[in-house]
């Protein structure tokens, strides 16, 4: 099950160090580069909740296996893509397949394990997600540098094929089947409206700058708003998203915090990979190695995060956001001063620590404040926001980065860093909207005794 999680998260980040090679090989433009990254995240995020419902209806193991098989085939199509348009289409197919298989993992882990074993399984799930995200660039760099069979960047996608085949062979033998007790109906109309709204939001962010911001790019957000309004007014026995969730302050504030964090993280990884290869002149492997301090800082923070949360509560997330903002501000100054890359190592480690300190507690902190009847739906929406936020972050930072490219890659990276710093500060601010945890009152008998 964790193999499925690892490859789907890995494939959002592994392409970052491969982008320069893809651009050269497929003659991809700036907008096509953004679609290669964001198209995957958009398809992944928009299909997650529907994918969960499919597992409830038709069996979680079955849908996991189908999703993994489709993901493996889409990865093969990515690795064999003859041009940028084909690669983008295959990436969207990858995202849709990931949306089918990923929701089944948590559901199966919760039904297959109980007690301490379940806690260990869920901890392994969270650690797997973090490792795939922070070390994706390093793995991509190693594959490109190895140039297996002369595949170059294509190995970043083709590596999923043997892994997927092996996982599929084991799935039927070792993964138990399960379904929801009362299966909900599919809300296909709701899924179409939400997906349309997300596309209408992302499309102008990616295509607008290159096309000179024509009229449709300004009308597109209005179309997105109209589609969301239509979704809010419709009635369905099993709606894709329960709007009652948004009446809970903990959920709404947490959703905004999660959105801001992922918009900054995905954007930062993309522009940093472009900077170390385009301005610092590193090859793919060296670029991947530069991400290692971020990964080490992230792992250290992930281990310490429970202690921070126990002491600081929601403010642990704010400390993480502020730590990132400080580290990235120092990084901005170092890049502007043309400091050697070696000087960046401690800065990157501190940034990774802030990243882990903010990310690790977000979901648990938010879900702790959600009514039990909404817990499952809230987890699905939060996971969706992770992927959608990443796609939006890539779209926004693309405008900033490529808009400043006339002054060189280094200057464009500095412009992008300012955006990421602002988002990190927004994370620290949005956390303050979370309700304060209520302290348990002592029983009446204890009060009387006192």
Using r as the Cβ-Cβ distance of residue 119 and residue 252, and R0 as 35 Å, what FRET efficiency do you calculate, to the nearest 0.05?
-> 0.80
If you take the beta carbon distance between residue 225 and residue 310 as r and set R0 to 56 Å, what does 1/(1 + (r/R0)^6) give as a FRET efficiency, to the nearest 0.05?
-> 0.85
Among 39-46, 20-27, what's the highest-first ranking by average C-beta atoms within 10 angstrom per residue?
-> 39-46, 20-27
Calculated FRET efficiency, residue 111 and residue 319, Cβ-Cβ r, R0 25 Å, to nearest 0.05?
-> 0.10
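Note down the relative contact order for the stretch 190-239 as a percent, whole number, built from C-alpha pairs under 8 angstrom at least six residues apart.
50
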Reported label for calculated semi-axes √(5λ) of the Cα gyration tensor in Å given (i) 33, 27, 23; (ii) 50, 43, 22; (iii) 38, 27, 22 | (i)
Sort the following peptides by mean Cβ neighbour count (other Cβ atoms within 10 Å, averaged over residues), highest first: 404-417, 380-393.
-> 380-393, 404-417
Segment residue 165-residue 218, length gained on full extension (0.36 nm per residue, minus Cα span) | 14.6 nm
The chain: relative contact order from alpha carbon pairs under 8 Å, six or more residues apart, as a whole percent, is 23
The alpha-carbon center of the stretch 125-158 and that of the stretch 170-249 are separated, in whole Å, by 30
Which whole-angstrom value gives the distance between the alpha carbon centres of the stretch 35-69 and the stretch 96-123?
-> 14
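Bear in mind that the values in this text are calculations on the coordinates, not laboratory data. No experiment lies behind these values; they were computed from the predicted model shown. Cβ atoms come from the backbone with ideal geometry, glycine included; neighbour counts cover every protein chain shown.
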